[in-house]
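The values are calculated or read from the model by the stated rules, or taken from the named source; none is laboratory data. Source: prediction; values computed, not measured. Here the Cβ is made from the backbone with ideal geometry for all residues, glycine too, and neighbour counts use every protein chain on show.
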Amino acid sequence: MSKKGRIVAGALAPHPPHLIYAENPPQNEAKSEGGWEMLRWGYERLHRELPWDEIDAIIVHSPHWQTYVGTHLLGVPHFKGKSVDPIFPHLFRYNYELDVDVELSKAIHDAGKEAGLQMKMMTNPDYRVDYGTIISCHLANPKWNKPIVAISSERSNAYYNVDVMQERARALGEATRKAVEASGKNVLLLSSNSLSHRHFVTEGELPEDMSKEHITSHMLYLWDMELIKMMKAGRTREMIDVMPEFTANAIAETDAGSLTWMMSTMGYPTYPAEVYAYGSIIGTGNAIVGWHEDPNHPVRKVAQ
Ligand code: 2X7
Ligand code: FE2
């Protein structure tokens, strides 16, 4: 029998363009004096703790690839282009080049179809990959030395409501897991989203002036902490059950279904997650969090 594929880890990997701007990688045209260090150092620790030798591919679900008829997946082996954030073009103008594991994308597409979901492969070689996908993949793995599978957010919350979105994200997660297991590959999952998502509507002269950065409101901070407490305690089923309420109250980017998809793909872990960082970016709440399959990972050992 061929070997069963595994999900070696999942990470909540938010994508504010500010983090790339602050890093000054060669791909980004805009240059900064730094900023948002706690979050960037959190990403560095996440990167260090992932078992890169074992990882064959990264699967990312992004709120900024919004498809209104079904779930789409990148279906071309290589993409090259420039990604510009429409709201923050002064921060993010990024020249990207990335490889796609088309075989795995197609397997997830087929598994989703079999589960009754509407699925579509994106086969346009000139397609401009969304900035959520690019930023989360860059921050989790700045070397870009692993192929990715990128999954869109099918916005059934727009046509129906958050509950329909949740149900479909759960079903997509189950299909993703089946496809990964059958593929024999080991994967890292990324849920590319912020938690509370209320932005300031104005920006200071210097975007990276950290004396101006704080969460938009105490209420949003409290909601973010409620969710993070559940992650730390391994209460992920409960977290997904309260997700519609959290999303509505925290005006959260979880409306895209990314975190629900990831938890469902991972079979709702009951072990504690490692929280690498929490911080605000232009007022939004962002957590970098890892769920590690390895029972010997320090965060899991402490709980035993
Ligand atoms: O897309 C984003 C985001 N999710 C959070 C903060 C700032 C900008 O862009
Ligand atoms: Fe976003």
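Some observations on this one:
The rows are residues; the columns are (1) surrounded by fewer than 20 Cβ atoms within 10 Å (Cβ to Cβ); (2) at pLDDT below 95; (3) not small (Gly, Ala, Ser).
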{"site": "Cys137", "(1), (2), (3)": "no, no, yes"}
{"site": "Trp144", "(1), (2), (3)": "yes, no, yes"}
{"site": "Ala150", "(1), (2), (3)": "no, no, no"}
{"site": "Asp209", "(1), (2), (3)": "yes, no, yes"}
{"site": "His214", "(1), (2), (3)": "yes, no, yes"}
{"site": "Ser217", "(1), (2), (3)": "yes, no, no"}
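- Among the candidates Glu54, Glu33, Glu29, residue that is in contact (Cβ under 8 Å) with a residue 60 or more places away in the chain, of a type outside the set (A, V, I, L, M), surrounded by fewer than 18 Cβ atoms within 10 Å (Cβ to Cβ) and in contact with a Phe, Trp or Tyr (Cβ under 8 Å, 6 or more places away or on another chain): Glu29
- Taken together, the residues in the stretch 186-206 that are closer than 29 Å to Leu50 by Cβ and either crowded, with 24+ Cβ neighbours inside 10 Å or within 16 Å of ligand 1 (Cβ to nearest atom) (or both) amount to 11.
- When the stretch 154-204 is filtered for residues that are out of contact with any Ser or Thr (no Cβ under 7 Å at 6 or more places or on another chain) and under 17 Å from Met266 (Cβ atoms), the ones remaining, listed by number, are Ala171, Ala175, Lys178, Ala179, Val180, Glu181, Ala182, Ser183, Lys185, Asn186, Val187, Leu188.
- Any hit, the stretch 49-72, residues being part of a helix (DSSP H, G or I), farther than 15 Å from Pro147 by Cα, out of contact with any strand residue (DSSP E or B) (no Cβ under 6 Å at 6 or more places or on another chain) and more than 16 Å from ligand 2 (Cβ to nearest atom): yes
- Residue check for Arg177: away from ligand 1 (no atom under 14 Å from the Cβ), among the basic types (Lys, Arg), within 29 Å of Lys80 (Cα to Cα) and part of a loop (DSSP other than H, G, I, E, B): no
Condition check ((1) of a type in the set (A, V, I, L, M, F, W, C); (2) within 16 Å of ligand 2 (Cβ to nearest atom)) across all residues:
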{"position": "Gly112", "(1), (2)": "no, no"}
{"position": "Gly116", "(1), (2)": "no, no"}
{"position": "Thr123", "(1), (2)": "no, no"}
{"position": "Asp126", "(1), (2)": "no, no"}
{"position": "Ala140", "(1), (2)": "yes, yes"}
{"position": "Asn145", "(1), (2)": "no, no"}
{"position": "Arg168", "(1), (2)": "no, no"}
{"position": "Ala175", "(1), (2)": "yes, no"}
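- For beta carbons closer than 6 Å, sequence separation of 6+ or different chains, a first residue in the stretch 120-147 that is touching a residue at least 60 places away in the same chain (Cβ under 8 Å) and closer than 15 Å to Lys82 by Cβ and a second that is within 16 Å of ligand 1 (Cβ to nearest atom) and in a helix (DSSP H, G or I), the qualifying pairs are Ile135/Ile20.
- Subset of the stretch 212-249 that is closer than 18 Å to Leu39 by Cβ and β-branched (Val, Ile, Thr) - its residue that is nearest to the chain's Cα centre (by Cα): Ile228
- Taking the stretch 5-48 as the range and being within 16 Å of ligand 1 (Cβ to nearest atom), of a type in the set (A, V, I, L, M), outside any loop (DSSP other than H, G, I, E, B) and under 28 Å from Pro295 (Cα atoms) as the test, the residues that pass are Ala11, Leu12, Met38, Leu39.
- Residue that is surrounded by the fewest Cβ atoms within 10 Å (Cβ to Cβ) [pool: residues in the stretch 152-174 that are assigned to a helix (DSSP H, G or I) and among the acidic types (Asp, Glu)]: Asp163
- Among the conditions (1) surrounded by fewer than 19 Cβ atoms within 10 Å (Cβ to Cβ); (2) away from ligand 2 (no atom under 16 Å from the Cβ); (3) more than 30 Å from Gln118 (Cα to Cα), the only one that Trp223 does not satisfy is (1).
- For first residues located in the stretch 199-228 and over 20 Å from Glu253 (Cα atoms), partners that are in a helix (DSSP H, G or I) and of a type in the set (Lys, Arg) and lie 6+ apart or on another chain with Cβ distances below 8 Å form the pairs Gly204/Lys212.
- Restricting Val8, Val84 to residues that are within 16 Å of ligand 2 (Cβ to nearest atom) and of a type in the set (Val, Ile, Thr) narrows the list to Val84.
- Scanning the stretch 249-272 for residues being buried (at least 24 other Cβ atoms within 10 Å of the Cβ) and outside any helix (DSSP H, G or I) gives a total of 3.
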